[in-house]
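Right, one structure below, let's go through it.
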Amino acid sequence: MPAVLGFEGSANKIGVGVVRDGKVLANPRRTYVTPPGTGFLPGDTARHHRAVILDLLQEALTEAGLTSEDFDCIAYTKGPGMGAPLVSVAVVARTVAQLWNKPLLGVNHCIGHIEMGRLITGATNPTVLYVSGGNTQVIAYSEHRYRIFGETIDIAVGNCLDRFARVLKISNDPSPGYNIEQMAKRGKKLVELPYTVKGMDVSFSGILSFIEDVAQRMLATGECTPEDLCFSLQETVFAMLVEITERAMAHCGSEEALIVGGVGCNVRLQEMMETMCQERGARLFATDERFCIDNGAMIAQAGWEMFQAGHRTPLSESGITQRYRTDEVEVTWRD
């Protein structure tokens, strides 16, 4: 019964997770929250992670009821992500692996989301919509790779939402996306925004630039409310994502769709995806904020799959990389 300890810290979330044979035993997490109107800088985020990671490790061990002798390997996020936070977490993972004399596994962050989604929902071979602050991809598995069928050509959908929140000075606590979602529920007017789908790819920078240019004027003249803008932004960007996901499902002949990533816990996105899937006779799978948002257990689960398949990361190759595409990983643990 292999047990894996997973460290995640690629952005403003820091998590330590414990997984043993498909069961999540512990998954504590902390979030670096900045004031409204601001984002999180790599250096500041890394300092936050360094300050809390050992407490999180102890919390995870206590919750799981395990000691160092009970683990078979240590997994950590190799990338993609922000450089300084990734390094901070990788250093701790390497140190723990050496102190405990355990093998090390560098995990692709995107693969972690997918494997956690498959574990929690029971989806077998879904078309994956991966939506987060740093990534936006439509993915399907084929011949030992998670193939990218479509993606953003500029900024990620979560980054678009975060930067929109800064324009309106929306709180970052608990997250900009969550607060936009709540405000959107009170929106009544659909403001026409740029809708940019290019084949299988999407673009969000134009929508963001448009809102940055007109938001304050429209609000000042009473043309719309902040809630209307939140509602309009969600409806527009989510419709773009549903369109390219449906096209990928049609190409693959898929009867399952899985949403992963931090934006994936947005209920409105899940509703729109559910409508599309029902019209296709397909099933939608999604998780809640415990597993959608970056967490240590997803890295532990991907590490568990890799460990079972014989993967190991030599200490000499245990660095990090800010650019690490989903389709670079050979997925030897799936048929």
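Since every read-out is calculated from the coordinates, none of them should be taken as a lab result. Remember, it's a predicted structure, so these values are computed and weren't measured experimentally. Because the Cβ atoms are built from the backbone with ideal geometry, glycine has one as well, and the counts that use them run over all protein chains shown.
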Item checked: Counted charge near K185, where neighbours are those whose Cβ lies closer than 13 Å (Asp, Glu -1; Lys, Arg +1) -> -2
Check: Leaving out same-chain residues fewer than 8 places away, which lysines sit with a Cα under 22 Å from that of K169?
Finding: K13, K185, K188, K189
Next item on the list: List, in order, the whole-Hz ³J(HN,Hα) value for each residue of region 157-165 obtained from phi through the Karplus relation with A = 6.51, B = -1.76, C = 1.60 and θ = phi - 60°; use x for Gly and Pro.
Entry: 4, x, 5, 4, 5, 4, 6, 5, 4
Next item on the list: Starting from the amide H of G261, placed 1.01 Å from N in the peptide plane, find each other amide H under 5 Å away whose residue is 5 or more places distant or on another chain.
Entry: V131
Note to self: When a/c reaches 1.5 or more, the comparison of a/b and b/c decides; with that in mind, is region 1-151 rounded, prolate or oblate per its Cα gyration tensor?
What the structure shows: oblate
Next item on the list: Could you run the Karplus curve 6.51 cos²θ - 1.76 cosθ + 1.60 with θ = phi - 60° over region 310-326 and give me ³J(HN,Hα) per residue in whole Hz, x for Gly and Pro?
Entry: x, 6, 8, 10, x, 4, 5, 10, 9, x, 10, 9, 6, 10, 8, 6, 4
Check: Given a Förster distance of 56 angstrom, what is the FRET efficiency for R147 paired with A220, based on the Cβ-Cβ distance and rounded to 0.05?
Finding: 0.75
Next item on the list: Show the residues, 5+ positions off or on another chain, whose built amide H is closer than 5 Å to the amide H of F149.
Entry: V138, I139, A140
Notebook entry, point to check: Any idea how far the Cα center of region 194-228 sits from the one of region 28-87, in Å?
Noted result: 34
Check: Which FRET efficiency value, to the nearest 0.05, do you get for K185 and R280 by plugging their Cβ-Cβ distance into 1/(1 + (r/R0)^6) with R0 = 25 Å?
Finding: 0.40
Notebook entry, point to check: In Å, the Kirkwood hydrodynamic radius of the chain over pairs of distinct alpha carbons?
Noted result: 20.2
Item checked: Structure-based [θ]222 nm, the chain - -39500 (n - 2.57) summed over DSSP H runs of at least 4, per residue, nearest 500 -> -14500 deg cm²/dmol
Next item on the list: Answer rounded, prolate or oblate for region 173-287, using the Cα gyration tensor with square roots of eigenvalues a ≥ b ≥ c: rounded when a/c is under 1.5, else prolate when a/b is larger than b/c, else oblate.
Entry: prolate
Checklist line | With Cα atoms, 0 to 90° folded angle of helix 296-308 axis to the chain main axis | finding: 50
Notebook entry, point to check: Put +1 on the Cβ of every Lys and Arg and -1 on every Asp and Glu Cβ in region 127-171; which of L129, G150, I170 then has its Cα farthest towards the positive end of the dipole?
Noted result: I170
Note to self: Tell me which cysteines of the chain come out unpaired when the rule is another cysteine's Cβ under 4.7 Å.
What the structure shows: C73, C110, C160, C224, C230, C252, C277
Check: Out of S203, V16, I293, whose Cα points farthest toward the positive end of the dipole of the chain (charges: +1 Lys, Arg; -1 Asp, Glu; placed on Cβ)?
Finding: V16
Note to self: Quick check: net charge around M116, other residues with Cβ under 11 Å of its Cβ, Lys/Arg +1 and Asp/Glu -1?
What the structure shows: -2
Note to self: Rounded, prolate or oblate, given the Cα gyration tensor of region 226-335, with a/c below 1.5 counting as rounded?
What the structure shows: prolate
Checklist line | Per-residue ³J(HN,Hα) for region 85-96, Karplus 6.51 cos²θ - 1.76 cosθ + 1.60, θ = phi - 60°, Hz, x for Gly and Pro | finding: x, 4, 4, 4, 6, 4, 4, 5, 4, 4, 5, 4
Next item on the list: Within the set of other residues whose C-beta is less than 14 Å from the C-beta of V331, count the net charge using Lys and Arg as +1 and Asp and Glu as -1.
Entry: -2
Notebook entry, point to check: Which angle between 0 and 90 degrees, to the nearest 10, do you get for helix 226-252 versus the longest principal axis of the chain when only C-alpha atoms count?
Noted result: 60
Next item on the list: Could you rank the peptides 7-14, 143-150, 315-322, 236-243 by their average count of other C-beta atoms within 10 Å per residue, with the highest value first?
Entry: 7-14, 236-243, 143-150, 315-322
Next item on the list: Pull up all non-local amide H partners of T34: gap of 5 or more, or a different chain, and H-to-H distance under 5 Å with H placed in the peptide plane.
Entry: none
